[in-house]
Amino acid sequence: MTGYLSKKSALSVSKGVAQPEAVSNEAVNRLKKAIKGKPSASLLFEGIRSADISSLGRAITLVESSHHKHQSEAQKLISFCLPFSGNALRVGITGVPGAGKSTFIEALGKHIIDSGGKLAVLAVDPSSERSKGSILGDKTRMEELAGRSEAFIRPSPSGGTLGGVARKTRETIILCEAAGFDTIFVETVGVGQSETAVHSMVDFFLLIMIAGAGDELQGIKRGIMEMADAILINKADGNNIQKAKRAQAEFTNALHLFPPSRSGWSPGVSTCSSLYQTGISEVWDMIRAYKEFVSGNGFLSERRKEQSRHWMYESIRDGIYRHVFTDPAMQKELRALEDSIAAGEITSHMAATTILNKFKSGQ
């Protein structure tokens, strides 16, 4: 029996083949080196001008950083890129939830690339302030576009005020243009004031709607429709085609009630199916026709000058906001003022005036 047990049992476990480490030490070392390395603004600028996507990504991360030292380097980088920006067509895209913005962007984006263009897709998402998270959904919903070397998709920076998020998006536009992207899409992921912020940084503003979802004009702010340079009825396919045509007629009639646009352009309403890619090329032709129109009458140049002035004031407001709510001394003062308000000792206006006076005095 002993001899039998000494023989190799079928239940015994062999040593097997030695397995490699789960994580490559070489890869880890490369990652540590990349993290440790802090390329200067000049090196990042060289990478951007060479159309290196890795350099562009790191540059945008630098711009998004709220660290004082990073901001100083970021502004230096932006000043390098500024002379090489401004040549791209900037398109803002917004729409009701479920309108199919991501599907549309992918369809139009592929059409632009197939026509020889280079596209960057950016997102403005003020709702990320609630969860402090970033938007990654767009990249997963636009797999085909994300896989194209001529496309660059970047979610908005997380957290912060809408003004801060929008400012960083505007600066990201400059970096993308310096990297050679000739078309920039800025998508509003959240709802609310983000439409106004995006409108103030783009050349063409597109509102995407769908038919068959009840009263087509319900829940749509008049201000958003007035900002739109065109309205697009998406998902015009299958049994929805007739509904899309009715919605097109309704929106066309509604646009007639609005005052003429300052650009002289008459906003139109069209239909498309992003799923079946019908009407996509017509949308792109309309956007290009708009650019030619406003370039010819000088409105595009004036609009961009106005936008630059607007963002100067927005940057000042955002800077004051960040100083008040991130400075330790200010935070201590705010907590004390909150207690005084709760105790009924002072009014909210008196507390705000106290903070503003301290800010002006530099204390």
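The values are calculated or read from the model by the stated rules, or taken from the named source; none is laboratory data. As the structure is a computational prediction, the values presented were derived from the model and not from experiment. Neighbour counts run over all protein chains shown; Cβ positions are idealised from the backbone, glycine included.
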### Task
Just need a number here: residues in the stretch 335-363 that are closer than 30 Å to Ala197 by Cβ and acidic (Asp, Glu).
1
### Task
Just give me the residues in the stretch 303-334 being acidic (Asp, Glu) and under 18 Å from Ala197 (Cα atoms), in sequence order.
Glu306, Glu314, Asp318
### Query
Of the residues Ser295, Ser263, Ser340, Ser301, which is over 30 Å from Asp237 (Cβ atoms), touching a helix residue (DSSP H, G or I) at 6+ places or on another chain (Cβ under 6 Å) and either aliphatic (A, V, I, L, M) or not in a strand (DSSP E or B) (or both)?
Ser263
### Summary
Here, helices (runs of 4 or more DSSP H) confined to the stretch 111-200 with at least 1 residues that are at pLDDT below 85 are 128-131, 137-141, 162-178, 194-199
### Task
Scan the stretch 245-292 for residues that are of a type in the set (Ser, Thr, Tyr) and in contact (Cβ under 8 Å) with a residue 40 or more places away in the chain and report the count.
6
### Scan of the stretch 349-363 for residues that are over 29 Å from His67 (Cβ atoms) and surrounded by fewer than 10 Cβ atoms within 10 Å (Cβ to Cβ), ordered by number
His349
### Query
Does Lys243 qualify as being part of a helix (DSSP H, G or I) and exposed (fewer than 12 other Cβ atoms within 10 Å of the Cβ)?
no
### Query
Is it true that some residue in the stretch 325-332 is of a type in the set (Lys, Arg), outside the structural domain of Ser66 (by TED's automatic domain parsing), modelled with pLDDT of 85 or more and surrounded by 10 or more Cβ atoms within 10 Å (Cβ to Cβ)?
yes
### Task
Say whether the condition of being part of a helix (DSSP H, G or I), over 19 Å from the mean Cα position of the chain (by Cα) and more than 29 Å from Gly223 (Cα to Cα) is met by at least one residue in the stretch 60-68.
yes
